[in-house]
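J.: I have a structure I would like to understand better, so I am pasting it below and will then ask my questions one at a time.
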Amino acid sequence: MRNSVSKLGSAVKAARKNRNLTQMELSEELGITPRYLQAIENESKTPSYELLTRILSYLNIPADNLFTPYESEISKEQEQLLYLIMHKCSKRDVFVLLSTAKALVEEVSPY
């Protein structure tokens, strides 16, 4: 769980900065003190389940990103692409992207 908590702090800080929010602004939105938010972001403080769900919901952080048993080795660009695919693409868009990706990685048979 310790790894998940430290991933949470990093994810919260990154998402907060992505939204151009200060710790003060986010803490007010969440109903906590700025010091408590700082502890979550930098000191691996474990929030309550209720607060955790509010944080994830408000910052639109997928929970599965935090609770995977391995460290993510994907780049920021790959993360952004996955986010767009998961949250912004229609089923048709995903089908087209998947077909294109398969075509890119398939080996061409020499006949």
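The values are calculated or read from the model by the stated rules, or taken from the named source; none is laboratory data. All of these numbers come straight from a predicted model, not from anything done at the bench. Backbone-built Cβ (ideal geometry, glycine too); neighbour counts: all protein chains shown. The area values use the complete protein model at the heavy-atom level, side chains included, leaving out ligands, DNA and RNA. Shrake-Rupley method; radii C 1.70, N 1.55, O 1.52, S 1.80 Å.
Here's the yes/no breakdown for (1) among the hydroxyl-bearing types (S, T, Y); (2) open to solvent by 90 Å² or more (accessible area, probe 1.4 Å); (3) under 13 Å from the mean Cα position of the chain (by Cα); (4) modelled with pLDDT of 95 or more:
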| residue | (1), (2), (3), (4) |
| --- | --- |
| E28 | no, yes, no, yes |
| E43 | no, yes, no, no |
| P62 | no, no, yes, no |
| Y70 | yes, yes, no, no |
| K76 | no, yes, yes, no |
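J.: For the range 45-55, what are the residues that are closer than 12 Å to L26 by Cα and open to solvent by less than 20 Å² (accessible area, probe 1.4 Å)?
T.: I55
J.: Test P34 against the stated conditions and say whether it is at negative phi and at pLDDT below 90.
T.: no
J.: Right, another one. What pairs can you find where one residue is in the range 29-46 and touching a residue at least 24 places away in the same chain (Cβ under 8 Å) and farther than 21 Å from L66 by Cα, the other is open to solvent by 30 Å² or more (accessible area, probe 1.4 Å) and part of a helix (DSSP H, G or I), and their Cβ atoms are less than 7 Å apart, with a gap of 6+ or different chains?
T.: Going by the 7 Å Cβ cut-off, the qualifying pairs are E29/Y58.
J.: Follow-up question, since we're still on this one. Taking the condition of being open to solvent by less than 100 Å² (accessible area, probe 1.4 Å) and either more than 19 Å from S10 (Cβ to Cβ) or at pLDDT 90 or above (or both), how many residues in the range 82-111 meet it?
T.: 15
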